[in-house]
2 protein chains.
Amino acid sequence: MAKQRVSIKQVADAAGVSTATVSNVFSGKKPVKPELAEHVRKEAEKLGYSINRAASFLRSGESGIVPVLVPDLSDPFYTSLITEIESHAQLDGYEIIVANSKDDAETERGRISALMSWQPEGMIVVPVSDDVPEQLFDLRDKFPIVLVDRGTEVEGFDTIRVDNAEAGAQAAAHLAEHGHRTVLIVASDMRLHGVRERSRGVVETIEAAGGSAEIVEVGPVPKVGSVHLGRWLDAHQMPTAIFAVTDMTTLATLTCLAERQFEVGKDVSVIGFDDYPWMSARRTPITAIRQPIEKMASSAWTMLKSRMSKDDEFAAPKPLKCTMEIRASTQDAKLTAGMA
Amino acid sequence: MAKQRVSIKQVADAAGVSTATVSNVFSGKKPVKPELAEHVRKEAEKLGYSINRAASFLRSGESGIVPVLVPDLSDPFYTSLITEIESHAQLDGYEIIVANSKDDAETERGRISALMSWQPEGMIVVPVSDDVPEQLFDLRDKFPIVLVDRGTEVEGFDTIRVDNAEAGAQAAAHLAEHGHRTVLIVASDMRLHGVRERSRGVVETIEAAGGSAEIVEVGPVPKVGSVHLGRWLDAHQMPTAIFAVTDMTTLATLTCLAERQFEVGKDVSVIGFDDYPWMSARRTPITAIRQPIEKMASSAWTMLKSRMSKDDEFAAPKPLKCTMEIRASTQDAKLTAGMA
DNA sequence: TTGTAAGCGTTATCAA
DNA sequence: TTGATAACGCTTACAA
C-alpha cells in the first residue's frame, strides 16, 4: 500500500510538457491550447493525479479556506446554517471547514488555533458565549471574521443576528391576542444576549397587554432542561402559555409537558423557537418562531466575502426579522390558569 | 489589512535561534531545552505565529487529515456520527474535514475529488447509494477507506454496518407480541440494501407469526414522504402497526398520521428508527429502534486507523446490534384493523 | 542540544 | 502559447 502520490512533474513527463503547462491546465490561470489541455488531462487521469492543495497554497498564498465554527453539531439550527453557508462558499470557489466547539470555551480556543493553522482567508463563528474569545480580538484587524447569532453586540466585529426582541414581541402579541396574560418563558441561558432580548420582547409586550411573564432558565440540553422546568412547574402557578426561546428549550418544554401528560394547546399554549419537521409531526403541531436561516447564511457569506476582497466599509445588514408559523399549539386562554 | 503571515523564520530571528529549533518546539519531535522552548513560545505568541499546515505537510508528507463524507448534513443520524468520529480523531491527532454530498451522486463525485486534493491519509464515507462511486474503487488499494451504513455489501472495502435484518425482526417481534398481524413498513428507498434488510427482517418475522407486512416507499424527505404515505393509506386497508425504517420516514409517518388526526398508540402502533429527543417529547412517546451510533463511530475509526498505520489484515467487526426503546406508541392491537 | 541547508509540489516570473 | 527556474514555509538529515 505504497502512498505513491502522483505529482505535477510526473504528469508533465508523461504528457511531454512542462510542469507550468500542467499547472495552467488545472488552474486555468493562463490559456493552454485546447488539444494540449485535453491531452494533459488524459495523462493526469491515467496516473490518477490530483492537485496538491498544500503545495498550491504554499506557492500562491490563496488557501481558499473558510472555517465555520459552531457550538453544537447536534443542534439542527447550526447544521442548517452550515449547509446554507457551504452552498454559497462552493459557488464562489471556497472550501469550508466545519468545526465544533462542543459548547465549551476551552475547546473553542483549541479549535480556533487549529483552524488558523489552515491559513484560512476568513472565518464564520458562532461563539460559545457572548464573550468572544480573545484570539478573535487579536485577529480582528488582520483577518475577516463574521460572528453569527452570538457575541453580536461586541464592537469591532461584523455580525449577523436576528431581531430577537421583535421575535419575542411577535410571539407575545400572538399569545396576548388569544387572551393569555400569564406567560412562562423557558430560556436556555440568560447570559446570552439573544436569549435576554427574546425574553425582553415577551415581557414588554405581555406587560403592555396587562399580563405578566416569568422566566425559567433550564440550560441548553433538552433532557436536563425538562427536569428543571418540571421543578419550576411544581413550585409555581401554571401559566396559560409557554414560550421556549430556543429549539433546544422547545424540546425541553415539550418533553416536560408530555411527561406530565399536559395536552399542548388545550391545557397550555406553546410557542417554540426555530421550525423543524418534528414540530409539525404531531397531532397538535407547534406554533413556532422561525429564524430566517437561509438569509442569515447568505448575509454572513456576503459580508465575509466583501471583507475578504475589499477593505472598504460596506453596509452592515440590519437585524433580520423572524417569522411566525401559527399552528394548533396556541389556542385561546380559557380556564387553564391555576390548575397546577 | 495586510495579510502579513508570520513564518517560522521570523520567529527564529526574534528568538535568536534557528528555524529547526522553532520547528522542534512546536512539533515536539526533537527535545529542546525547556527554557529555550519557553522563550521561543513567547516570541511566537508575541508575533501571533501559527504553524502553517500546508508547508508542514508538504515537507513531512503527513497531512493528518481524514475527511468524513455524508449524504445529508441535516440528518441528525449523520451529524451524531460525525461528532463521535471527530472525538476519536482528535484524540489521535487527526483533523477531520466534514463534507456533504447532499444526497446527489454528482455532488458526491465532486466532493471526493475535492477532498482528495487535501492529500488525506484516509477517508470515512457514507455513500449516497449502495453504488459506491468509481473513484473509490480506484483508490481502494492505495488508500484507506471505511464505508459506513451504505455500500457495505461491496467487496473489497472495509465497512461498518448494523444488523439491519435483526433490527427489523426485533421491531416485528415486539409488534407480534402485542397481537399485531398487519404491519406497514414505511421505507425511504428500497434500492438501499439496509432498507431492504430492515424490511426483510420485519416481513419474515411477522409472517412467521401468521401475519403479513406491506411496504410503501416514500423517499428520504419527510414532507414529501408524508404525502406519499397519505396516498397509500387512502388506497389501502389501515394496518394496526407501522414501522418506519429510517429517522426521516419516522418523521414522514408521524406527520401523515398527525394530519389525519390518528392517535398514535391507540389508532395505530408506531415504531420509529433512530432515537432523538423529539421522539420522547410527546404525550405518546415513540418506540424506537436505536442504532449504536457511538459504537459505529468508534469501530469506523479503529478500522481506519489500523489501515492507516499497518497494512496487515485485522478482524473486521461483526454487524452491530441495534437496541429497542419501548415506549407508549406501541400498544396491543385491538379493533383498529379496517378503520380506514 | 542546536544549527545548516536541501527539498517537498506547486505557481509566478521571466524568457523563448 | 509554452518552458525553465526560483520561491513559498516547513521538516529533517547531518553537521557542529
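The values are calculated or read from the model by the stated rules, or taken from the named source; none is laboratory data. Values in this document were obtained by computation on a predicted structure and should not be read as measured data. Cβ placement follows ideal geometry from the backbone for every residue including glycine, while neighbour counts extend to all protein chains displayed.
Couple of notes before you dig in:
- Considering residues of region A:58-71 that are closer than 30 Å to A:Ala297 by Cβ and surrounded by fewer than 20 Cβ atoms within 10 Å (Cβ to Cβ) only, the residue nearest to the other protein chains (Cβ to nearest Cβ): A:Gly61
- Just one of (1) over 16 Å from A:Asp149 (Cβ atoms); (2) surrounded by fewer than 21 Cβ atoms within 10 Å (Cβ to Cβ); (3) not aromatic (Phe, Trp, Tyr) fails for A:Ile286. It is (2).
- Spans of helices (runs of 4 or more DSSP H) in region B:242-340 with at least 2 residues at pLDDT below 95: B:293-309
- Screening A:Ser87 on (1) away from DNA strand D (no atom under 16 Å from the Cβ); (2) under 18 Å from A:Met308 (Cβ atoms); (3) touching an Asp or Glu at 6+ places or on another chain (Cβ under 8 Å) shows it passes everything except condition (3).
- Region B:151-167, subset in contact (Cβ under 8 Å) with a residue 60 or more places away in the chain and closer than 19 Å to B:Pro67 by Cβ, residue surrounded by the most Cβ atoms within 10 Å (Cβ to Cβ): B:Ile160
- Identity of the residue in region B:29-49, near DNA strand D (Cβ under 10 Å from one of its atoms) and surrounded by fewer than 20 Cβ atoms within 10 Å (Cβ to Cβ), that ends up nearest to A:Lys310 (Cα to Cα): B:Lys29
- Condition check for B:Val221: more than 14 Å from chain A (Cβ to nearest Cβ) and β-branched (Val, Ile, Thr): no
- Among the residues of region A:74-96, those identified as β-branched (Val, Ile, Thr) and not in a strand (DSSP E or B) are A:Thr79, A:Ile82, A:Thr83, A:Ile85.
- Candidate set: region B:29-49, residues that are more than 14 Å from every other protein chain (Cβ to nearest Cβ) and more than 8 Å from DNA strand C (Cβ to nearest atom); chosen: the one modelled with the lowest pLDDT: B:Lys29
- Test: A:Ser7 is within 12 Å of DNA strand D (Cβ to nearest atom), over 37 Å from the mean Cα position of the chain (by Cα) and either closer than 26 Å to B:Thr79 by Cα or in contact (Cβ under 8 Å) with a residue 40 or more places away in the chain (or both): yes
- Hey, B:Ser74 among the small types (Gly, Ala, Ser), more than 12 Å from DNA strand C (Cβ to nearest atom) and either at positive phi or within 12 Å of chain A (Cβ to nearest Cβ) (or both) or not: yes
- Residue count, region B:1-28 (criterion: among the β-branched types (Val, Ile, Thr), buried (at least 17 other Cβ atoms within 10 Å of the Cβ) and within 9 Å of DNA strand C (Cβ to nearest atom)): 4
- Any hit, region B:50-57, residues being in contact (Cβ under 8 Å) with a residue 12 or more places away in the chain, within 11 Å of another protein chain (Cβ to nearest Cβ), away from DNA strand C (no atom under 15 Å from the Cβ) and crowded, with 19+ Cβ neighbours inside 10 Å: yes
- Scan of region B:270-288 for residues that are of a type outside the set (D, E, K, R) and more than 15 Å from B:Pro76 (Cβ to Cβ), ordered by number: B:Val270, B:Ile271, B:Thr284, B:Pro285, B:Thr287
Quick grid of which residues meet (1) free of Cβ contacts under 8 Å to residues at least 60 places away in the same chain; (2) away from chain A (no Cβ under 11 Å); (3) hydrophobic (A, V, I, L, M, F, W, C); (4) touching a Phe, Trp or Tyr at 6+ places or on another chain (Cβ under 9 Å):
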position	(1), (2), (3), (4)
B:Val245	no, yes, yes, yes
B:Leu257	yes, no, yes, no
B:Val264	no, no, yes, no
B:Val268	no, yes, yes, yes
B:Asp275	yes, yes, no, no
B:Trp278	yes, no, yes, yes
B:Pro285	yes, no, no, no
B:Pro292	no, yes, no, no
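- For region A:50-71, the set of residues classified as among the aliphatic types (A, V, I, L, M) and within 16 Å of DNA strand D (Cβ to nearest atom) consists of A:Ile51, A:Ala54, A:Ala55, A:Leu58, A:Ile65, listed by residue number.
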